[in-house]
Amino acid sequence: MMFSEVVVAGQIARDLVIEVPDAPGADSSAPVRHRQELLGGKGANQAVALSQLGMPVSLIGVVGADRTGDSLLAQARADRIGTTHVVRRAGTETALLVDVVDDHGRRRYLEHVPEGTLLTENDVFAASAPISAAASLIVQLQQPAPVALLAARLAHTAGTRVVLDGHRSPTR
């Protein structure tokens, strides 16, 4: 098994970025000037950035056992991101993040992050070998606190550098 220099434990989602002249009010619409559908979620975004910098990187996260999950994993592999420890969770829809940006730079952010797309302690234990072998582990703090703590402890015990990123949502 090949190990990555950096392992990222965090969210994987389909990012949909929509650009509009002005965001519509209630019961109205607006023309979409441009849209992008991307591999996203904070964890995947970090992995993509590291890969673009030439860093060997792998991702620990969860996608649904759906076509969106298939597409995101194919994109991650095309971006040279290791996906061996990405969990395919049956009965769960892959997370969706929608970012509506208007011409004035105002953003509206919508997120559909099913509970099943969050990492569990079992998911982290299953990835303990690559976590321990990596030079660095980035833990996205939007994952449940016990899961983030477990990943950090596994890495710390192995002498792996631990980077904690982000803030924890008050609803999680």
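Across the stretch 61-172, the relative contact order, built from alpha-carbon pairs under 8 Å that are at least six residues apart, equals 21 percent. Solvent-accessible surface of the stretch 70-172, averaged per residue with a 1.4 angstrom probe and all protein chains in place: 54 square angstrom.
Counting each DSSP H run of 4 or more residues in the chain as -39500 (n - 2.57), what helix-only mean residue ellipticity at 222 nm follows after dividing by all residues, to the nearest 500 deg cm²/dmol? Before the final figure, lay out each step's value.
Details: 5 runs with 49 residues, N = 172.
Result for the chain, helices only: -8500 deg cm²/dmol.
Principal-axis analysis of the Cα atoms of the chain puts helix 145-158 at an angle of about 40° to the longest axis.
Dipole magnitude for the chain: about 400 debye, using +1 per Lys or Arg Cβ and -1 per Asp or Glu Cβ, origin at the Cα centre. From most to least packed by mean Cβ count within 10 Å, the peptides 128-140, 86-98 give 128-140, 86-98.
When a 1.4 Å probe is rolled over the protein heavy atoms, the share of accessible surface on the chain that falls to carbon and sulfur comes to 53 percent. The loop-placed trypsin sites (Lys or Arg not before Pro) in the stretch 1-78, going by DSSP, that have at most 13 neighbouring Cβ atoms within 10 Å of their Cβ come out as Arg33. Report the net charge of residues surrounding Leu150, where surrounding means a beta-carbon distance below 11 angstrom and charges are Lys +1, Arg +1, Asp -1, Glu -1. Spelling it out: positives minus negatives among the neighbours equals -1.
Within the listed set Gln143, Gln75, Gln36, the residue fluctuating most in the Gaussian network model of the chain (springs between alpha-carbon atoms under 10 angstrom) is Gln36.
Legend: Rg and Dmax of the stretch 35-98, from Cα coordinates, 11.2, 35 Å.
Compared with the alpha-carbon gap, the fully stretched path from Leu110 to Thr68 is longer by 13.4 nm at 0.36 nm per residue.
Once the gyration tensor of the Cα atoms in the chain is diagonalised, the equivalent ellipsoid follows with semi-axes of 30, 16, 15 Å, ordered largest first.
Normalised by 2.2 N^0.38 Å, where N is the number of residues, the C-alpha radius of gyration of the stretch 67-165 stands at 1.24. Label points 7 Å out from Cα along the Cβ direction at Glu5 and Phe125: separation in nm? Each label point is offset 7 Å from its Cα along the Cβ direction, giving 3.2 nm. Mean separation of Cα pairs under 8 Å and 6 or more residues apart, divided by the residue count, gives the stretch 1-111 a relative contact order of 33 percent.
The values are calculated or read from the model by the stated rules, or taken from the named source; none is laboratory data. Here the structure is a predicted model, which is why all the values come from computation and not from measurement. Quick reminder, even Gly has a Cβ in these numbers, built from the backbone with ideal geometry, and neighbours come from all protein chains shown. These area figures cover heavy atoms from the full protein model, side chains too; ligands, DNA and RNA do not enter into them. Shrake-Rupley method; radii C 1.70, N 1.55, O 1.52, S 1.80 Å.
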